[in-house]
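These notes concern the structure reproduced below.
The values are calculated or read from the model by the stated rules, or taken from the named source; none is laboratory data. The structure displayed is predicted, hence computed values, not measured ones. All Cβ positions, glycine included, derive from the backbone under ideal geometry; neighbour counts span all protein chains shown.
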Amino acid sequence: MYALEGEQPGPFEGATGILAEVGDTPLIRIREAVRGVVPDGVEIWGKAEWFNPGGSVKDRPALAMVLDAERRGVLKPGDTILDASSGNTGIAYALIAAARGYHLKLCLPTNANVERKRLLQAYGAETVSTSPLEGSDGAIRKARELAAADRSLVYLDQYGNDANWRAHYGSTAPEIFRQTEGRVTHFVSTLGTSGTFMGCTRWFRDHQLHVQCVAVQPESPFHGLEGLKHMESAIVPPIYDSDLADRHLGAPTEVAYELVHELARTDGLLVGPSGGAALWAALQVAQGLDEGVIVCILADSGSRYMSDTHLWEGP
């Protein structure tokens, strides 16, 4: 296996059962959707994160944060985990809580889609509804309020928890390096909590790999890219450092949706809206290259958005 010397144990040490399956997701070459659009010497690959047991990239940070809290003695059997989420992290927490014997109280915007709510219910999570107009920011405010009022709740705070980005530092980035046999030249990730981008970028920098790292967010405050943050108009996650990026791109919602359709129909890859945004950004990067290996994060599956009719309208 292609690896760097002196690699440290992964962030999921101690995970058992279904949780031992988190990570090591496939890296899949995107061919048909980009044929004739990118130069012949450029490859675009997608990290298929819906292969995690909870169905998204958020399994990684959620598991790392829970295991970290256990190691520090903050989280004990029977405790209640508290956090805010727009959906995917909440589902990951719910799976983990069920597998490790915790309760979960999750602050979730009222307009979260049916799939998310049903999955959370299936795992036995308790949800606290927050304003749909405030999105994930409203859920964050409510979680902070609940944490201040009830000290028995273990508030993991995914937006400010360093175990979030360290999960990707210890798993996602080295996986990409190994799977490309060290050939990766560009890394593209969308921004929500920013943990995926922060962790992977730091790993590439610390290992002195000359990988250009591109951060992607919605192009405007009003967008339809579920789970992503427009940083200038949102509560900025404490773990986010804008200076780490080599390049920042703002993804248009409608074009991202079109690429979701294209990926499904030409490559058989059914991804969520953030995956469409990531591919859009990868295509922007590719236009300035003669050769390169671009890896983008496909955070979840489009099957989690089937009730979102606005995503599937159009050609």
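Residues in the range 278-303 that are under 21 Å from GLY54 (Cβ atoms) and crowded, with 24+ Cβ neighbours inside 10 Å were compared, and the one that is nearest to the chain's Cα centre (by Cα) is ALA299. The residues on offer are VAL295, VAL285, and the sole one that is of a type in the set (A, V, I, L, M, F, W, C), part of a helix (DSSP H, G or I) and more than 20 Å from SER86 (Cα to Cα) is VAL285. Just so you know, in the range 14-72 the residues that are farther than 24 Å from ALA278 by Cα and among the charged types (D, E, K, R) include one that is surrounded by the most Cβ atoms within 10 Å (Cβ to Cβ), and it is ASP68. Regarding GLU126, is this residue over 26 Å from THR172 (Cβ atoms) and in contact with a Leu (Cβ under 8 Å, 6 or more places away or on another chain)? Yes: the conditions hold for GLU126. As a summary of the residue check, TYR123 satisfies the conditions (1) farther than 22 Å from PHE197 by Cα; (2) touching a Cys at 6+ places or on another chain (Cβ under 7 Å) except for the one numbered (2). Could you say whether any residue in the range 73-94 is surrounded by fewer than 23 Cβ atoms within 10 Å (Cβ to Cβ), free of Cβ contacts under 8 Å to residues at least 24 places away in the same chain and either assigned to a loop (DSSP other than H, G, I, E, B) or not assigned by TED's automatic domain parsing to the domain that holds LEU120 (or both)? The answer is yes; a qualifying residue exists.
For the range 124-138, give me each residue that is within 17 Å of ALA94 (Cβ to Cβ), surrounded by fewer than 19 Cβ atoms within 10 Å (Cβ to Cβ) and of a type in the set (A, V, I, L, M). Within the range 124-138, VAL128 is the sole residue that qualifies.
Restricting to the range 96-136, name every residue that is within 16 Å of THR80 (Cβ to Cβ) and assigned to a helix (DSSP H, G or I).
Passing the criteria: ILE96, ALA97, ALA98, ALA99, ARG100, LEU120, TYR123.
Does the range 225-238 contain any residue that is touching a residue at least 60 places away in the same chain (Cβ under 8 Å), surrounded by fewer than 23 Cβ atoms within 10 Å (Cβ to Cβ) and among the aliphatic types (A, V, I, L, M)? Looking for residues that are touching a residue at least 60 places away in the same chain (Cβ under 8 Å), surrounded by fewer than 23 Cβ atoms within 10 Å (Cβ to Cβ) and among the aliphatic types (A, V, I, L, M), one finds at least one in the range 225-238, hence yes.
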